[in-house]
Amino acid sequence: MKPDPRTEQLLKRTFIDFVQTSEFVEDPLIFDRAQGLYYWDVEGRRYFDAIGGIFVASLGHGHPRLLEALRRQAEKMTFAPPLHGVSSVTLDLVEKMGSITPGNLKYVKPFSGGSESVESAMKFIRQYFKQTGHPGKYKFISRYHGYHGSTAGAMSASGTGTRKTKFEPHMAGFLKVFPPTHYRDRFPSWDEANRFAAQAVEDIIVHEDPATVAGVILEPIGNTGGIITPTPEYFRMLRQICDRYNVILVYDEVITGFGKTGSMFAAQTFGVTPDIICCGKGMSSGVMPIGAMIARDDMAAAFYGPAEAGIQFAHGNTFAGNPLGSAVAIAVIDEIVENRLDEKARWLGDYLTTRLEGLKKFGVVREVRGRGILRGVELVKDTAALEPYPELGLAMKKTARANGIILRIDPSWFAVAPALIAEKGDIDEMCDLIERSLADALALVSK
Ligand SMILES: Cc1ncc(COP(=O)(O)O)c(C=O)c1O
């Protein structure tokens, strides 16, 4: 529905992320409130939130335990200046994070979101190598289709077409490989496509000269590109390759962290521990902006020494590790651990997958991918030719909205990641809405 003149003017004075205002302003989605698994817009229409806002509301909206943690901390202290000190609740968060991470990933620095965490990790790695006798190591290998954030370094590591090409040239020293999906039809099996994709990382390291390569950064399950879900062997190979050449393996778990894949982190789901995990989004279920960089304990030693050595991490952000976000993140972790919501993501995810597999009856679904409750559906024109079907996805954006469901559609695949508070009946409601939206979209494109 066309907005009133004031709203239209205000919409033209701001922008919606990655969206054309002229199109948005014709029928804007203006959120008014949210509770549990639902949003309501200013017209009072209800939407099933199939994706936690955007992979954020991991425990749904307005979770009482999180609001209580926020209120208590707000009454005590809302800000502590990171240049002068640290808040006690942020130290509690460091301890709490250390209790849920794999291996010796215990060195924790909270930030304000995903981009900041990724950006910080890359600076951390470059400084780490300068201080450990490898000053020539500065290059990062990441993947096409990957998205790591909006800041200069995170953008340079991203491989998402026009989201990055508009801002070229990017920072020097960022190289790309393809994720395994790129090769899947060139190999007889998915396992072999994965092996080839992992091997390509080693080939690049060798070709570039290992003495210049600092890190490999990837989303364990890549959202952009359609919930790209490699084999566990892919990760084992990457781990071995990185170890062989003293290259830091970074998992960008901004989406996959905090239970969605069936473990607290995808590192645990795939059984391969990286050297650094970056996280954000679901860390506070959207109650406060927060993210974190979590590194191998022993890497911290490179930054620890006499003040005159000047080896401390030369980095900081005003809102990093703010007390409100820290308090909420602790409550999120406690809620997941106490209620075993990561385990719940496994069985609920199996049920969700069965329901999504049911969409194959429409003859336009190539594959349902993902782990836990993070799932993606790839749309094709027909299941023999496997040609992508962007028109269908674009139509589905409209029909999903009309049916009252929020998904991530882009445009030949769509993703879901319902909050961990969802029950089987909620999954049924969500999948019924998806099915209706897909059927309506098919009707639209065949007109
Ligand atoms: C995998 C991944 N990394 C990093 C980011 C950047 O996080 P933020 O938008 O909180 O800065 C995003 C955001 O969508 C993301 O999906």
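The values are calculated or read from the model by the stated rules, or taken from the named source; none is laboratory data. From a predicted model like this one, the values you see are computed outputs, not experimental measurements. All Cβ positions, glycine included, derive from the backbone under ideal geometry; neighbour counts span all protein chains shown. Ligands, DNA and RNA are stripped out before the accessible areas are found, and what is left, the full protein with its side chains, is counted by its heavy atoms. Shrake-Rupley method; radii C 1.70, N 1.55, O 1.52, S 1.80 Å.
The residues of the stretch 90-201 expose, per residue, 43 Å² of accessible area to a 1.4 Å probe.
Here the chain carries DSSP beta bridges of which approximately 65% are antiparallel, counting only pairs with both residues inside. Between PHE167 and TYR351, the contour length at 0.36 nm per residue exceeds the Cα-Cα span by 62.1 nm.
Counting only protein heavy atoms and a 1.4 Å probe, the stretch 319-392 has 40 square angstrom of accessible area per residue. Per residue, the accessible area of the stretch 211-275 comes to 20 Å² when a 1.4 Å probe rolls over the protein heavy atoms.
For the stretch 1-124, what does the alpha-carbon gyration tensor say about shape, rounded, prolate or oblate, given a ≥ b ≥ c as the root eigenvalues, a/c under 1.5 as rounded, and a/b over b/c as prolate? The shape class here is prolate.
Overall, the accessible surface of the stretch 8-85 at a probe of 1.4 angstrom is composed of carbon and sulfur to the extent of 54 percent. With all protein chains in place and a 1.4 Å probe, the accessible surface of the stretch 304-447 carries 52 percent carbon and sulfur.
At a Förster radius of 51 Å, what calculated FRET efficiency corresponds to the Cβ-Cβ distance of ALA300 and ASP440, to the nearest 0.05? E between ALA300 and ASP440, to the nearest 0.05, is 0.45.
Stokes-Einstein diffusion for the stretch 129-258, with the hydrodynamic radius set to the Kirkwood value over Cα pairs and evaluated at 10 °C in a medium of 1.306 mPa s, equals 106 µm²/s.
Shown in residue order for the stretch 433-440 are the 3J(HN,Hα) couplings computed by the Karplus curve 6.51 cos²θ - 1.76 cosθ + 1.60 at θ = phi - 60°: 5, 5, 4, 5, 5, 5, 4, 5 Hz (x for Gly and Pro). Identify which of ILE311, ILE51, ILE241 has the largest mean-square fluctuation in a Gaussian network model of the chain, with springs joining Cα atoms closer than 10 Å. Highest fluctuation of the listed residues: ILE311.
The simple spin-label model puts a point 7 Å past each Cα toward its Cβ; for ALA402 and MET77 those points are separated by 5.5 nm.
When the accessible area of the stretch 117-192 is split by element with a 1.4 Å probe, what percent falls to carbon and sulfur?
Taking all protein chains in place, the stretch 117-192 shows 56 percent carbon and sulfur surface.
Packing order of peptides 107-117, 272-282, highest average first: 272-282, 107-117 (average count of other Cβ atoms within 10 Å over each peptide's residues). Under 20 Å from a label point 7 Å along Cα→Cβ of ARG340: give me every residue in the stretch 34-61 with its amide N that close. Hits in the stretch 34-61 for ARG340 at 20 Å: 59. Considering only LEU83, LEU407, LEU105, the Gaussian network model of the chain with Cα springs below 10 Å gives its largest mean-square fluctuation to LEU83. Computed from the C-beta positions of GLN35 and LYS123, the FRET efficiency with R₀ = 35 Å rounds to 0.35. Checking the Cα-Cα distances for LYS164/LYS381; LYS76/LYS281; LYS96/LYS137; LYS106/LYS139 against a 30 Å cut-off, the pairs over it are LYS96/LYS137. From its DSSP helices (H runs of at least four residues, each -39,500 (n - 2.57)), the chain gives a residue-normalised ellipticity at 222 nm of -12000 deg cm²/dmol.
Taking a ≥ b ≥ c as the square roots of the eigenvalues of the Cα gyration tensor, the chain is oblate, since a/c reaches 1.5 or more and a/b is not larger than b/c.
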